[in-house]
Amino acid sequence: MMNETIMVVVKEKGTLKMKIAPEDNSGLVTGTNVQSPRNLRIDEGVRYTVPTENFTTRHSTNGKIFYHLIKKANGIKRLTD
């Protein structure tokens with residue numbers, strides 16, 4: 001079975017951002033920012049599952065870790081409530 005990561009859209013300082021969801025258990029650090037396509041960041045609270053192999057780890061200029069969702073990521077699924 002493929003390991004999947006749960007992401008959630010959150011609003012911070014008036015901007016919609018993608019983060020690893022608190023309920024995720026894929027091994028990625030929960031609450032960490034995810035660099036993702038803008039068209040996924042539509043509404044606050046939307047959740048997605050993505051195969052974990054579609055992420056790479058990056059470091060910002062201030063040394064913080066964030067995840068990058070690869071450009072041609074396959075298997076992105078929007079979760080419904």
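Just so it is clear, none of the values below were taken in a lab; they were calculated from the coordinates. In this text, all values refer to a predicted model and were calculated from it rather than measured experimentally. In this analysis, Cβ positions are derived from the backbone assuming ideal geometry, glycine residues included, and neighbour counts consider all displayed protein chains.
Of the conditions (1) in contact with a Phe, Trp or Tyr (Cβ under 9 Å, 6 or more places away or on another chain); (2) over 16 Å from residue 77 (Cβ atoms); (3) assigned to a strand (DSSP E or B), residue 34 satisfies every one except a single condition; which number is it?
So residue 34 meets the others, but not (2).
Within the stretch 37-48, track down each residue that is surrounded by fewer than 15 Cβ atoms within 10 Å (Cβ to Cβ) and either in a loop (DSSP other than H, G, I, E, B) or in contact (Cβ under 8 Å) with a residue 60 or more places away in the chain (or both).
37, 42, 43, 44, 45
So which residues in the stretch 49-80 are in a strand (DSSP E or B) and aliphatic (A, V, I, L, M), if there are any at all?
Within the stretch 49-80, 50, 65, 69, 79 meet the criteria.
Could you please let me know if residue 30 is within 10 Å of the chain's Cα centre (by Cα) and among the polar types (S, T, N, Q)?
yes
So, in the stretch 56-81, how many residues would count as being hydrophobic (A, V, I, L, M, F, W, C), in contact with a Pro (Cβ under 8 Å, 6 or more places away or on another chain) and over 10 Å from residue 35 (Cβ atoms)?
Total meeting the criteria: 1.
Collect the residues in the stretch 1-31 that are free of Cβ contacts under 8 Å to residues at least 12 places away in the same chain and in a strand (DSSP E or B), keeping them in residue-number order.
12, 15
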